[in-house]
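All remarks here apply to the structure that follows.
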Amino acid sequence: MKTFLSLIGGVFFAFFLTGCFGEEYDFTPPSVTLATNPIDSESDIKLKAANIDWQSDKEYKKETKDILALASKQKQISVNAGQQDSIVFDSQDFKVEEISIWVWQQDEKIKLELDKKRNFNFPKEKGEYLIELDLLSDKGTAEYVGNIVIK
């Protein structure tokens with residue numbers, strides 16, 4: 001009988017403890033980084049959120065009227081002509097439906113091609129560019145910008 005009570009007490013204690021190990025999840029829109037080398041984070045380009053319309057645990061909204069002005073205020077990061085980068089999200093608790101990425105040089109908008117692994121190449125033409133990334137997911141939309149110079 002003592003063994004039976006100890007066993008019941010142990011099972012109850014185990015179930016009790018499982019309720020104490022809660023995990024917190026972050027359902028906010030993701031941060032976006034353009035990464036050249038997954039080992040060397042010094043060359044990463046952290047993009048700034050411009051417009052957000054996101055529905056998850058609560059509603060997240062942000063509106064920027066002039067995204068190019070916001071992009072031009074970001075720290076300018078140097079990249080090599082034709083350099084390959086990857087799009088990296090800090091979290092992904094959402095289904096990606098579409099990602100589009102462009103660079104702007106003055107008033108010209110150039111779409112960059114993405115492969116299935118979210119890799120793309122910067123233009124081969126040197127100069128100063130603003131970068132725009134649009135994310136469409138099952139949780140909503142988010143738009144990100146950055147400032148680069150291609151050498």
Quiz prompt | Filter result (under 20 Å from W54 (Cα atoms) and either out of contact with any strand residue (DSSP E or B) (no Cβ under 9 Å at 6 or more places or on another chain) or among the hydroxyl-bearing types (S, T, Y) (or both)) within the stretch 117-146 | solution = S137, T141, Y144
Quiz prompt | Residue that is surrounded by 13 or more Cβ atoms within 10 Å (Cβ to Cβ), outside any helix (DSSP H, G or I), modelled with pLDDT of 95 or more and under 15 Å from the mean Cα position of the chain (by Cα), where the choices are T64, T33 | solution = T33
Quiz item: Is it the case that the stretch 94-112 has a residue that's touching a residue at least 12 places away in the same chain (Cβ under 8 Å), under 19 Å from T28 (Cβ atoms), under 14 Å from the mean Cα position of the chain (by Cα) and not in a strand (DSSP E or B)?
Solution: yes
Quiz item: at pLDDT below 95 and either over 23 Å from F27 (Cα atoms) or open to solvent by less than 40 Å² (accessible area, probe 1.4 Å) (or both): does that describe S43?
Solution: yes
Practice problem: Identify the single condition in (1) over 23 Å from G140 (Cβ atoms); (2) open to solvent by 50 Å² or more (accessible area, probe 1.4 Å); (3) at pLDDT below 90; (4) of a type outside the set (S, T, N, Q) that D57 does not satisfy, given that it satisfies every other one. | Solution: (1)
Self-check item: Members of the stretch 90-116 found to be touching a strand residue (DSSP E or B) at 6+ places or on another chain (Cβ under 7 Å) and not hydrophobic (A, V, I, L, M, F, W, C), listed by number
Solution: K95, E97, E98, S100, Q105, K109, K111, E113
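The values are calculated or read from the model by the stated rules, or taken from the named source; none is laboratory data. From a predicted model like this one, the values you see are computed outputs, not experimental measurements. Positions of Cβ are backbone-derived with ideal geometry, glycine not excepted, and every protein chain shown enters the neighbour counts. Side chains are part of the model used for accessible areas, which takes the heavy atoms of the whole protein and leaves out ligands, DNA and RNA. Shrake-Rupley method; radii C 1.70, N 1.55, O 1.52, S 1.80 Å.
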